[in-house]
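Everything on this sheet refers to the single structure shown next.
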Amino acid sequence: MKSTNQYLKPLTLKINKNLEIGGCDTVELVEKYGSPLYVMDEHTIRNICRDYKNAFNSYPKVNMMFASKALCTIATSQIIASEGFGFDVVSAGEIYTVYKAGVDMSKVLFNGNNKSYDELSLAIELGVGRISVDNFFELALLNEIAKSQNKVADILLRITPGIECHTHEYIQTGHLDSKFGFDLTQIDEAVELINNDYTSLQLHGLHAHIGSQIFETSIYGDEIEILVKEIGRLGLNEINIGGGIGVKYTENDCPPSVYDVAEIVKKRLNECIEKYNIQPPALFIEPGRSIISTAGITLYTVGSSKQVPNGRKYVAVDGGMSDNVRPSMYQAEYTAQVANKPNAENTEKVTVAGRFCESGDILIKDVELPELEEGDILCVYNTGAYNYSMASNYNRVPKPAMVLVNNSQSDIIVKRETLDDLISHDVRID
Ligand code: LLP
């Protein structure tokens, strides 16, 4: 069955005179809230959450944890929590955001390869449900912190399963030469330390994450095999398989259906439960991108353009690498459509450039579009994940606002930064 992450555009996207999303006219959204503008479609977010639940629910002990690093705002956290998801967080900032969103902190899992003393203390104080410990240093530190608060920290061990996936090398994480997690050969030593010395730690299971924007389904089976074998040997009862399911940024991308991934995971899990003769473990899964990417679009306004004699035509928009660093960081590709003339035919090949002082600030290279004029609104699809969450103030450009749309209603969920916001942390020296 097709799942929401396999769509290039938000589910409510319609072509009228202008593009419409969540029942709202995109050009009117820009008139009302300014440009550039992140727009999130609530219906699409809820739909993919339900895909995940329907796909995995037949496994009795499944825990869906949204990877907040893909997008962490109070409103989107509220929506995802209301769908029954917990949260994977990786910093005090993410912990604080989901806490302020009213998330049940026992459904929060804290990840990261260098969590600080203060961050671990906050996690324990607020009652975060699981901490995935990444290395020996952290085991000792967390034990000390938990002891000082008279608490026992419930932990998983993050391991590096030695699985390579075919994605950009910066977003591969499960291969052996990785900064994340314990090597398989180090697990026994870690478990011994926990059992003998670290009395303020309670180990429940193992955690791995292979990579991101993954299109192959079989590697999840390989990962399950390693995790179940290890927990069987160690007498543990939880596995966390991380996230990673891909999305469709361009027509050429064919991400897997969440239903197909779930079938492989459940099948392999049941086989391994029998093979290693263990009780069915609790299963944690941490999707980020696939939950939130498709729901998001970014609306930009077209400004200047430049025809290089006998070369490319560059058309510049009012945003770029500070609101979406993915093209310049990972050579990521995106799909765009002109929001105020969605029915116009493509007549020219252009390169959509950002407004930042950097030659690499290109949003989409050599894309066929209708002729773009100053003031046109360009809609870039699939910007819900790792766009706002990786945004910067490069060139001292304020971050765009984010609007939530649903049933013809639009609401600001992140305010546009102002010039005063930009200087609010600066301190004069006189
Ligand atoms: N769990 C762990 C431990 C992770 O490290 C990640 C992502 C996830 C879950 C969620 O993975 P997802 O389902 O979103 O693929 N900035 C990059 C992606 C980095 C992903 C880092 N870890 C990008 O824009 O492509």
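The values are calculated or read from the model by the stated rules, or taken from the named source; none is laboratory data. All figures in this text were calculated on a predicted structure; none of them were measured in a lab. As a convention, Cβ positions derive from the backbone with ideal geometry for all residues, glycine included, and neighbour counts pool all protein chains shown.
Of the residues Ser290, Ser322, the single one that is closer than 21 Å to Tyr249 by Cα, modelled with pLDDT of 95 or more, in contact with a helix residue (DSSP H, G or I) (Cβ under 6 Å, 6 or more places away or on another chain) and in a loop (DSSP other than H, G, I, E, B) is Ser322.
Scanning the range 215-224 for residues that are farther than 14 Å from Pro161 by Cα and touching a helix residue (DSSP H, G or I) at 6+ places or on another chain (Cβ under 8 Å) yields Thr217, Ser218. Count of the range 14-24 residues, restricted to those that are within 16 Å of Glu42 (Cβ to Cβ) and in contact (Cβ under 8 Å) with a residue 12 or more places away in the chain, is 4. Hey, any hits in the range 235-251 for a residue that's more than 16 Å from the ligand (Cβ to nearest atom) and on the phi > 0 side of the Ramachandran plot? Yes: the range 235-251 contains one or more residues that are more than 16 Å from the ligand (Cβ to nearest atom) and on the phi > 0 side of the Ramachandran plot.
Exactly one residue out of Leu404, Leu378 is out of contact with any Phe, Trp or Tyr (no Cβ under 8 Å at 6 or more places or on another chain) and in the same structural domain as Ser328 (by TED's automatic domain parsing): that is Leu404.
Would you tally the residues in the range 373-401 being assigned to a loop (DSSP other than H, G, I, E, B), surrounded by 21 or more Cβ atoms within 10 Å (Cβ to Cβ) and away from the ligand (no atom under 16 Å from the Cβ)? The total comes to 3. Which one is surrounded by the most Cβ atoms within 10 Å (Cβ to Cβ), of the residues in the range 272-287 that are more than 16 Å from the ligand (Cβ to nearest atom) and assigned to a loop (DSSP other than H, G, I, E, B)? Residue satisfying both the conditions and the ranking: Pro281. Within the range 1-47, the set of residues being assigned to a loop (DSSP other than H, G, I, E, B) and crowded, with 24+ Cβ neighbours inside 10 Å comprises Ser3, Pro10, Gly22, Pro36.
Scanning the range 237-266 for residues that are hydrophobic (A, V, I, L, M, F, W, C) and surrounded by 20 or more Cβ atoms within 10 Å (Cβ to Cβ) returns Ile239, Ile241, Ile245, Val247, Val258, Val261, Ala262, Val265. Scanning the range 87-101 for residues that are in a loop (DSSP other than H, G, I, E, B) and under 15 Å from the mean Cα position of the chain (by Cα) yields Val90, Ser91. Count of the range 179-213 residues, restricted to those that are within 16 Å of the ligand (Cβ to nearest atom) and either part of a loop (DSSP other than H, G, I, E, B) or at pLDDT 95 or above (or both), is 12. Going by the conditions given, is Lys151 more than 26 Å from Val325 (Cβ to Cβ) and at pLDDT 70 or above? Against the criterion (more than 26 Å from Val325 (Cβ to Cβ) and at pLDDT 70 or above), Lys151 qualifies. Only a single item in (1) more than 16 Å from the ligand (Cβ to nearest atom); (2) assigned to a helix (DSSP H, G or I) is not met by Gly84, and it is number (2).
Criterion first (within 16 Å of the ligand (Cβ to nearest atom), buried (at least 17 other Cβ atoms within 10 Å of the Cβ) and without any contact (Cβ under 8 Å) to a residue 40 or more places away in the chain) does Ser328 satisfy it? So Ser328 passes the test.
The residues of the range 102-125 include none that are part of a loop (DSSP other than H, G, I, E, B), in contact with a Phe, Trp or Tyr (Cβ under 6 Å, 6 or more places away or on another chain) and among the small types (Gly, Ala, Ser).
Within the range 215-229, the set of residues being modelled with pLDDT of 95 or more and either in contact with a Cys (Cβ under 8 Å, 6 or more places away or on another chain) or closer than 22 Å to Ala140 by Cβ (or both) comprises Phe215, Ile224, Glu225, Val228, Lys229.
Exactly one residue among Ser328, Ser305 is farther than 20 Å from Thr217 by Cα and part of a helix (DSSP H, G or I), and that residue is Ser328. Number of residues in the range 66-78 that are surrounded by 18 or more Cβ atoms within 10 Å (Cβ to Cβ) and either within 11 Å of the ligand (Cβ to nearest atom) or touching a residue at least 40 places away in the same chain (Cβ under 8 Å) (or both) equals 9. Please go through the range 48-61 and give me each residue that is more than 14 Å from Ala81 (Cα to Cα) and either among the acidic types (Asp, Glu) or surrounded by fewer than 19 Cβ atoms within 10 Å (Cβ to Cβ) (or both), ordered by number. Of everything in the range 48-61, those that are more than 14 Å from Ala81 (Cα to Cα) and either among the acidic types (Asp, Glu) or surrounded by fewer than 19 Cβ atoms within 10 Å (Cβ to Cβ) (or both) turn out to be Asp51, Asn54, Asn57, Ser58, Tyr59, Pro60, Lys61.
Sort through Leu176, Leu109, Leu141, Leu120 and tell me the only one that's over 19 Å from the mean Cα position of the chain (by Cα), within 23 Å of Ile285 (Cα to Cα) and at pLDDT 95 or above.
Leu120
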